[in-house]
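Asks: Pasting in a structure now, in structure tokens, and then I'll have a few things to ask.
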Amino acid sequence: MSQIVEPKIYQGKELETIFFRPMLTGDSARELGIRVLYNMPVPTVLNFWRGANDVLKPYTAGWTGGEASEKFQKTIEMYKVKSEMGYSAADYFTMVFERIAASPQANLEDLSGTELEEAETQLFRASLAESLRATMWIGSTGRSAGPFNTFDGFLAQLIRDYTEIEPQVEMVSYTSADYDSTDAGENMLKKVWDAASVELKAIKSEGNLAFFVTSDVYAKYEESLDSATLEAAYIARQEGRPSLSWRGIPVIDMKVSGYLKNIADMGKTWVVLTDRRNLALAVNTADFPGTEVRMWYNADEMQNRQRAVFAAGCEFLLPELICYGYKG
């Protein structure tokens, strides 16, 4: 057998349970480090409730009332998107076979049924997940021709909001001296922290603040930790660090530097400080016509093809809870 010809179509509930929900919930969602909203009612709305600060009043008999909690809402603009990929039949068979062979329970003499379907699904799902993740950060609908132009990502939205007449977010820019200095990684994080709003700094104790950085900043900060003379730093240089933090705030690599080098309209070095709950990615496969995932074999071209149609978008809720720094 050197071809996979059985068509597979996911629509409705199957599309959610078999294909998208495993990709957008549980550990997969937590790895993104932000809120993931899957199949929320359209229009998809971000909500944030803020209770009144001064709730104590002098005692008097009866009901004296009080101010209602302050509610913030922001609608996530959803874009209908499509993903299509084609593989030569031989290449596709090899990739799927490799995934099946990695399972100790696989029956390599009978490549059919559930195992084959799961292997094909995993192959396509991995490509979609990475494209969604990257677009969430660096996407921009202002690019007439790709890459990553299906919806506006967080960085494009930050640029947009800062360049308005009255900037809504705090921003610092890095010079070449900042970037090349000793302890550059730590200094760039500190520069963003120093510029952050009082409101953003005040919620540090809640444990949801995070630095989202490009890979170069992550590497520079790790190098600055290696320069410490403590025994723990010596051990970390040999064994590596599973994660980094600055003053108790996690430092998370956005893993988009490889894409940014080919994008002319966006800076290459970024540090974004915000509350994780302030950023949200929304995906919808229930409320838009034509939503489906389809995998089939095209005999005329001797090609295996995959197609997904769904809706996606991302947004941040409170601009005052974001501070960022960047370098072109």
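Asks: Could you sort out which of Lys80/Lys204; Lys80/Lys190; Lys190/Lys261 sit more than 29 Å apart by Cα distance in this structure? Working shown, then result.
Replies: Working: Lys80/Lys204 36 Å; Lys80/Lys190 39 Å; Lys190/Lys261 25 Å.
Over 29 Å apart, Cα to Cα: Lys80/Lys204; Lys80/Lys190.
Asks: Starting from the amide H of Lys268, placed 1.01 Å from N in the peptide plane, find each other amide H under 5 Å away whose residue is 5 or more places distant or on another chain.
Replies: Those qualifying (amide H under 5 Å, at least 5 residues apart or on another chain) are Lys327, Gly328.
Asks: Report, to the nearest 10°, how far helix 113-138 tilts away from the longest principal axis of the Cα atoms in the chain, using its own Cα long axis and a range of 0 to 90°.
Replies: For 113-138 against the chain, the angle is about 30 degrees.
Asks: Now for a separate question. Taking Cα pairs under 8 Å and at least six residues apart, what relative contact order does the chain come out at, in percent? If you can, show how the numbers build up before the last one.
Replies: Numbers: 545 pairs, mean separation 96.0, N = 328.
Normalised by residue count, the contact order of the chain is 29 percent.
Asks: Please find the FRET efficiency linking Asp183 to Asn262, where r is the Cβ-Cβ separation and R0 is fixed at 35 Å, and quote it to the nearest 0.05. Write out the running numbers ahead of the final one.
Replies: Working: r = 29 Å, r/R0 = 0.84.
For Asp183 and Asn262, the calculated efficiency is 0.75.
Asks: Under the rule of at least 5 residues apart or a separate chain, name every residue whose amide H is placed under 5 Å from the amide H of Tyr79.
Replies: Under 5 Å from the amide H of Tyr79: Ala312, Gly313.
Asks: Something else: Positive end of the charge dipole of the chain (Lys, Arg +1 and Asp, Glu -1 on Cβ, about the Cα centre): tell me which of Gln157, Ala101, Phe19 has its Cα farthest that way.
Replies: Gln157
Asks: Could you sort Asp194, Asp216 by accessible area so the largest value comes first, with the probe set to 1.4 Å? The partial results should precede the final answer.
Replies: Details: Asp194 80, Asp216 35 Å².
Ranked from most to least accessible, the order is Asp194, Asp216.
Asks: Can you pull the accessible area of Lys327 for me, 1.4 Å probe, Å² to the nearest 10?
Replies: My reading of the accessible area for Lys327 is about 40 Å².
Asks: Using the Karplus curve 6.51 cos²θ - 1.76 cosθ + 1.60 with θ = phi - 60°, work out ³J(HN,Hα) for each residue of region 201-215 in order, rounded to whole Hz, and write x for Gly and Pro.
Replies: Per-residue couplings from phi come out as 5, 5, 9, 4, 5, 6, x, 10, 6, 8, 8, 9, 10, 6, 4 Hz.
Asks: Within the accessible area of the chain, what % is carbon and sulfur when the probe is 1.4 Å and the other protein chains stay in place? Don't skip to the answer; put the middle values down first.
Replies: Numbers: 8790 of 17410 Å².
Whole-percent figure for carbon plus sulfur exposure: 50.
Asks: For region 8-22, in order, what is each residue's ³J(HN,Hα) by Karplus, 6.51 cos²θ - 1.76 cosθ + 1.60 with θ = phi - 60°, in whole Hz (x at glycine and Pro)?
Replies: 9, 10, 10, 9, x, 5, 4, 4, 6, 6, 8, 9, 8, 4, x
Asks: Sticking with this structure for a sec: At 1.4 Å probe radius, can you tell me the per residue accessible area of the chain in Å²?
Replies: Values: 17410 Å² over 328 residues.
I get 53 Å² per residue for this part.
Asks: Another question about this same structure. Which far-off residues, 5 or more places away or on another chain, put their amide H under 5 Å from the one on Met171, with H placed in the peptide plane?
Replies: Residues meeting the criterion, in which the H sits 1.01 Å from N, are Tyr324.
Asks: Report the charge-dipole magnitude of the chain in Debye, nearest 20, computed about the Cα centre from +1 at each Lys and Arg Cβ and -1 at each Asp and Glu Cβ.
Replies: On the way: 33 positive and 46 negative charges, 132 e Å.
The dipole magnitude comes to about 640 debye.
Asks: With viscosity set to 1.002 mPa s at 20 °C, what whole-number translational diffusion coefficient in µm²/s follows for the chain from Stokes-Einstein and a Kirkwood radius over Cα pairs?
Replies: Numbers: Rh = 22.6 Å.
It comes out at roughly 95 µm²/s.
Asks: For Tyr218, what accessible surface area do you get with a 1.4 Å probe? Give it in Å², rounded to 10.
Replies: Surface open to solvent at Tyr218 totals about 40 Å².
Asks: Give me the number: length gained by fully extending Glu292 to Lys204, i.e. 0.36 nm times residue separation minus the C-alpha to C-alpha distance, one decimal in nm.
Replies: Values: separation 88, 0.36 × 88 = 31.68 nm, distance 4.13 nm.
Computed gain between Glu292 and Lys204 is 27.5 nm.
Asks: On to the next question. Kirkwood Rh, Cα Rg: Rg to Rh for region 125-164?
Replies: Working: Rg = 10.7 Å, Rh = 10.3 Å.
For region 125-164, the value is 1.04.
The values are calculated or read from the model by the stated rules, or taken from the named source; none is laboratory data. All figures in this text were calculated on a predicted structure; none of them were measured in a lab. Counting neighbours? That spans all protein chains shown, and the Cβs are built from the backbone with ideal geometry, glycine included. Please note that ligands, DNA and RNA were not included when accessible areas were found on the heavy atoms of the full protein model with its side chains. Shrake-Rupley method; radii C 1.70, N 1.55, O 1.52, S 1.80 Å.
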